[in-house]
Amino acid sequence: MPLQDNARRRISVMEKSTDHLTKEQYFVDENSSETADKGPRFGCRYVQSMLLCLALVSGIGTRTNIAVAVVAMTDKYASPNPNVPTYDWNNTSVIISSFFWTYISLQVLAGHLGRKYGPKYFLFGTSLLNFFACAAIPFSAARLGSHGVIACRIVQGMCQGFLYPSIQVMMGTWIPKEERATLNNLIFAGVAIGGIYSTLLTGYISASWWGWTYSFYILSLVGFLWCILWLFFGHDSPAKHPRITKEEKKYIQSSLKQEDDIQLPTPWKQIFTCVPLYAILIAYVGNLFGYAVMTTEIPTYLAKVMSFDVKRNAINNAIPTAVSLLASMITGPASDWLIQKQYLSTLNTRRFAQIIGSYGNAICLIWMSFLSKDQAYMAVIILSFASTLTSFVQIGCNVNHLDLSPRFSGVIFGILNAIGQLASVVAPLFVQFAVTDTKSIEQWRTVFIITAGFFITGASVFYFLASATRQTWDGPDLKDLSENKKKQSSAERETRSS
């Protein structure tokens, strides 16, 4: 009975929220999204997806460049210019991980605020401050040493705490279910592109006469340009877009079976007791621990064990990311095609993608752990193959929460990312504890094998506990409400006639 009462209350809220809708808006055909006109070939949903992709390019660029820059910041021979400042720091892992100290704490709040008030201006303001903090790193390093850099990274983490949850709120209102994997991979291609351009730019600038300081200035400038684009062309939802066609708007809203201006109370209890969400969480933790090791610590491994210089190291780190980007352009549309043609169910598509991505990365890490110092380029090949497999994870656990609850995707992802990103904090500290001699192959082998265990555990749990069914607590769709209102209207007419 309590569950039924709760459901009735939620339906009541939905009914009040839809009183303003016209008859045409209100009665939504269940299959209309599959047959309706989708609007222009390159519609507003693609423009928003491209803007979100660029948000990740600029945001990830200013987040990950520190992994390469810190090598040049502590190497007096990195640049031919003797005036480029260098430092004798032994806390580089702390510098890298400090970003996540504040990044984690704001995830849930960011998702909630974005859903309630709209993500556009939260994303704009926090991104702008993030780019200012990035540009301030050279000055802070010169005046305050490593503690100044850590302070800037903490500010960046606080600002980027809004990045992913805001993007997820946008995805929950803009991406039709028929294009979920395709547009998800388009948006999150920004992670790979940001990593590539940031790594290459930082490596080349650091090895040039300009030195590492200019890499922070250039990355920040790119970010400021994105802010201008977002301010003029970004929109919270189809309902708030001034130029979207009626056909595209109807297609998106029919596919999601919801009006995006309806506000429901967040079902916190149901979210925290949803077993499939815990499956996503465990897989997400395993992935993030593995990726943190591979993105922030592999540059040190390649530099110290495989003896690559700064420029060569930047190229070697960019190659796997480029391969991952190309692979994601194939896996996203392919998974949508498999689901639409009913060759695989949505659930099995998510399961198999996660197994391929995570188990594949685990095998690659174990393989790489047994390479010798004269097999440096084999390490790059293995990393490239691992990055190819990483694209499968994007259509596995990384998109699964949208299957469960598109309406509360920002809040849910905030919870997942807040807990999951603890792994990104722990991973560099774990490496610093496990690797006391950065030139020791044996110590790196221990790190790689333990990291492989995280990948395998996460994927295994996800396979057995995951679901792809939209949860009842996500709220009834408009068709359910229309039927409910029909019954109420009929009952009212009978009462008046009697």
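No lab work stands behind these numbers, since they all come straight from the coordinates. This is a predicted model, so every value here is computed, not measured. Don't worry about glycine lacking a Cβ; one is built from the backbone with ideal geometry, like all the others, and counts go over all protein chains shown.
Listed from fewest to most Cβ neighbours within 10 Å, the set W230, W444 follows the order W230, W444.
Evaluating kT/(6 pi eta Rh) at 4 °C and 1.567 mPa s, with the Kirkwood radius of segment 193-287 over Cα pairs in the Stokes-Einstein relation, gives 71 µm² s⁻¹.
Counting every C-alpha pair in segment 368-433, the share spaced more than 18 angstrom apart comes to 62%. A simple rule links phi to the HN-Hα coupling: the Karplus curve 6.51 cos²θ - 1.76 cosθ + 1.60 with θ = phi - 60°, which for segment 340-347 gives 5, 7, 6, 6, 9, 6, 4, 4 Hz, with x for Gly and Pro. Per the Debye calculation on segment 115-176 with a single equal scatterer at every Cα and no solvent contribution, log₁₀ I(q)/I(0) for q = 0.20, 0.28 Å⁻¹ amounts to -0.72, -1.05.
A Cα-only calculation for segment 267-363 places Rg and Dmax at 17.7, 53 Å.
Here is the list for segment 171-280: trypsin sites (Lys or Arg not before Pro) lying in DSSP coil, each with at most 10 other C-beta atoms within 10 angstrom of its C-beta, are R243. Looking at segment 344-428, the trypsin sites (Lys or Arg not before Pro) that sit in a DSSP loop and have at most 14 other Cβ atoms within 10 Å of their own Cβ are K373.
Kindly provide the chymotrypsin sites (Phe, Trp or Tyr not before Pro) of segment 322-410 that DSSP labels as loop, not H, G, I, E or B, and whose Cβ sees at most 10 other Cβ atoms within 10 Å. Answer by residue number: Y343. Plainly put, segment 133-274 has a radius of gyration that is 1.08 times its Kirkwood radius, both from alpha-carbon atoms, as the Rg/Rh ratio.
Hull volume per residue, based on the alpha-carbon atoms of segment 294-440 and their convex hull, is 119 Å³.
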